[in-house]
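One structure is given below, encoded as structure tokens.
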Amino acid sequence: MRRSPWFGRILIAFSLVTGSTLASGEAQAAAAPIDSVVPVPVSVQSIANVTYNLTSSTQIRAQADATGPANLLATTLRRSTGFALPVSQSTGDGITLQLSGADPQVGAQGYQLDVATTGVTIKATAPAGLINGTQTLRQLLPPKIEASTVQNGPWPVPGARILDYPRFGHRGAMLDVARHFFTPDVVKRYIDEIALYKINYLHLHLADDQGWRIVIDSWPRLATYGGSTQVGGGAGGYYTKAQYTDIVNYAGERGITIVPEIDMPGHTNAALASYAQLNCNNTAPPLYTGTNVGFSSLCVPKDVTYQFVDDVVRELAAITPGPFIHIGGDEAQSTSDADYRTFMNKILPIVTKYGKQNMGWHDVAKVNPPTSVIPQYWGTTTSNSSVAAAAGRGNKILMSPANKAYLDMKYNSSTSLGLNWAGYIEVRTAYDWNPGSYLSGVGESAVRGVEAPLWSETIRTRQDIEYMAFPRLPAIAEIGWSPWSKHNWDAFRQRLGAQGPRWQAMGVNFYRSSQVPWA
Ligand code: TNX
């Protein structure tokens, strides 16, 4: 259809005013950054006729207790602006990060962000809040701020007053590094990408049938032999303790706590293959490179099994500063119910003994675990009696319903990567569910938060990770962070569309869903 240039301009002007959607195929007007922050903040007031311009003379000012987040922000902004952006403890114009004077409503993770002509001020009560504020600031700058090479300005930040804090304290992502191994650099890149959406936990699935990915000094063959392959028979790999610590620190600087998982008593073929004595018949099975589940089990009656778990948990706890160890516990189809109960009752206290709190897949709820244990719901139905009973006793539940939050599900029947056992998950499906009322008997106050797991049977590269995570990960991030009163698919898909140029600048290989009006 041919239309005059004026028609297009009127449409664009109209859509800027109303935020309405253009018919597909029409040119899209880029949404103003102030309206495109993901997750949507609690409160955003635009200030007319006010803009702060980041320039070559901008300084970043932070008191000593805020220098971590300030240095991280400076590093990010220097890459694309090419500006010096010195960080100092001075006061004055420019970008100021401070751990004083924030509205108490922001709590431990929230922030207040004010943009005036003279500068941007981010206030919080803790470093986590400052980090979250800097992620919002990045999104208020033009998309090319995310480029890894120097770009031409200008670098305007729209006048605004933002007050923001999370609905749930726990917003997680999970990466399965067992089915396919990912190098520390790939994990760090994923950390960078999820931090932009205020994700604050990264769960690493470190052991499964196909591979053991972390060095345990007292059982060295777990890594050297158990880690020597992966799905499809490739070389696999494992993290040394130094590499793991480097990942933990890198994540920590970005406000992300690592939750390590050793999946037990099922999903243990890599361990069973590494040490014959862990098997009830004292015979090590071969390494496994297929994708079946439910065929392996640690030997529940043997004492050596608990010496093994004690050693693994002790060594893992010693290199994990975060409060959680995830003990898996899913799909133990080769362990009898009685043995499963015996096993869990013996190992949950081991994690506690080493000063950590247990997380487990929701199957663990069957053993009536202590209320400190966090079952992670991964089912596809909206009722589960043992999870509801656990919530009734006081356990907090982490929500990862597989038909909503699983990033390894295909988007639709033509997605080449991924699985579909829990169904297809288009962007809207990932966004349109309420974690606080999803599971019967598990209300808002029983929910610890949300996590988006990415299993890697079909995922081999960082491009594969990105394709499955973007744009669904930001959808899960928003339902974990933003108040339910702001939940709105039409507004969300506009905000999401505005992220496209950012991901392009970052080189993120995202899925261009037709549900989203990409800018
Ligand atoms: C089920 S979800 C599993 C994993 C698979 C995943 C694939 C869960 C706790 N267990 O072992 O990788 O499905 O989607």
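For the reader, a short list of remarks on this structure follows.
- Long-range HN-HN contacts of V447 with modeled amide H, under 5 Å: I397
- Between the alpha-carbon centres of the range 193-253 and the range 421-445 there is a gap of 29 Å.
- Debye log10 I(q)/I(0) at q = 0.14 Å⁻¹ for the range 172-480, Cα point scatterers: -1.05
- All C-alpha to C-alpha distances of the range 403-456, sorted into 10 Å bins beginning at zero, yield P(r) values of 24, 46, 24, 5 percent in whole numbers.
- Fraction of beta bridges assigned by DSSP in the range 172-480 that are antiparallel (%, nearest 5): 5 percent
- Protection proxy ranking for 469-477, 439-447, using the average of other Cβ atoms within 10 Å per residue and placing the highest first: 469-477, 439-447.
- Distant-in-sequence amide contacts of M359, defined by a placed amide H-H separation under 5 Å and a gap of 5 or more residues or a different chain, comprise I325, H326, I327, I374.
- Annotation: amide H-H contacts under 5 Å for Y52 (H modelled 1.01 Å from N, sequence separation of 5 or more, or interchain): V157, G159.
- The chain, helix-only ellipticity at 222 nm - DSSP H runs n ≥ 4, -39,500 (n - 2.57), divided by all residues, nearest 500: -9500 deg cm²/dmol
- Once the Cα gyration tensor of the range 366-519 is diagonalised, semi-axes √(5λ) in Å: 29, 18, 13
- Cα extents of the chain along the three principal axes, largest first (Å): 77, 58, 45
- DSSP bridge orientation in the chain - percent antiparallel, rounded to nearest 5: 35 percent
- Cα-Cα over 21 Å, subset of K198/K366; K144/K410; K198/K356; K198/K404: K198/K366; K144/K410; K198/K356
- Potential extension, Q357-S88 segment - 0.36 nm per residue separation minus Cα distance: 93.0 nm
No value in this document is a laboratory result; all are computed from the given coordinates. Treat the numbers as computed from the prediction; the structure is a model and nothing was measured. Heads up, the Cβs are rebuilt from the backbone with ideal geometry, glycines too, and the neighbour counts pull from every protein chain shown.
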